[in-house]
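Just below is one structure, and these are the notes that go with it.
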Amino acid sequence: MSKIFTRTFRVRWGELDPSGMVSPANYLRYLVETAWDWGVAAGMDVNYSQNPDVFWVIRETEIHLLRPLRHNDVFDFMIWMVHWKSVRGTRCFELKLKESGEVIAQGSQHIVYMDAKTGRPTNLPEEEIEKFRLDDPRTFPFERFPKIAPAENPFVMQRQVEWMDLDSYEHVNNVIYVNYAEEAAAQDFSAKG
């Protein structure tokens, strides 16, 4: 197995937002699906993912969108591990149009391996790390999300979690939070006219 994993996608109509471009939440969905398939290719199959003793947490994701994706675009999503230390690691990813090789987006994601019983981070076994470790991985600049001063008149929206928001672990999937943020922004803009 290559330690740089690639998955090909074709943009489906249902992944578009009202502007005719792929919605921000779907970029994260592509990332989650690619990471899942990468794990399966490395032997972390359904039995591994259903282990009730451990789970993964996405701590932070940064993505730089360089060009929009549109209906029927075919692209490769590549993902690789940049580093792993103890309980946490960083993986980088890049999306390129299949035909031209034009870069669509690049980014990085920080993940943490968790003990389900204690709710605390735990060490990923070294043999698992070796499945993904590269000698000299390509990296992208990463900037911590800035602290933003509170708005004078913040827009507040309450949202009740619905059944369709839950994933197979019965928690709100990370992608859904992006949908919530997009909806809040749209309602805020609408309220301001």
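The values are calculated or read from the model by the stated rules, or taken from the named source; none is laboratory data. Note that the coordinates shown come from a computational prediction; the quantities given were computed from them, not determined experimentally. Positions of Cβ are backbone-derived with ideal geometry, glycine not excepted, and every protein chain shown enters the neighbour counts.
Descriptive notes on the structure:
- A Cβ distance below 8 Å, combined with a sequence gap of six or more or placement on separate chains, defines the contacts here; from the range 1-23, residues that are closer than 30 Å to E130 by Cβ reach residues that are among the polar types (S, T, N, Q) and not in a strand (DSSP E or B) in the pairs F5/T34; R7/T34.
- The residue pairs whose first member lies in the range 129-157 and is over 30 Å from S190 (Cβ atoms), whose second member is hydroxyl-bearing (S, T, Y), and whose beta carbons are closer than 7 Å, counting only pairs six or more residues apart or on different chains, are F140/S108; F142/S108.
- Qualifying positions in the range 92-119 - among the polar types (S, T, N, Q) and either surrounded by fewer than 16 Cβ atoms within 10 Å (Cβ to Cβ) or in a loop (DSSP other than H, G, I, E, B) (or both): S100, T118
- Residue match in the range 32-39 (condition: of a type in the set (G, A, S), surrounded by fewer than 19 Cβ atoms within 10 Å (Cβ to Cβ) and at pLDDT 90 or above): no
- Reported count of residues in the range 135-180, each being of a type in the set (G, A, S) and surrounded by 12 or more Cβ atoms within 10 Å (Cβ to Cβ), is 0.
- Checked against the criteria, F140 counts as in a loop (DSSP other than H, G, I, E, B), under 18 Å from H64 (Cβ atoms) and in contact with an Asp or Glu (Cβ under 9 Å, 6 or more places away or on another chain).
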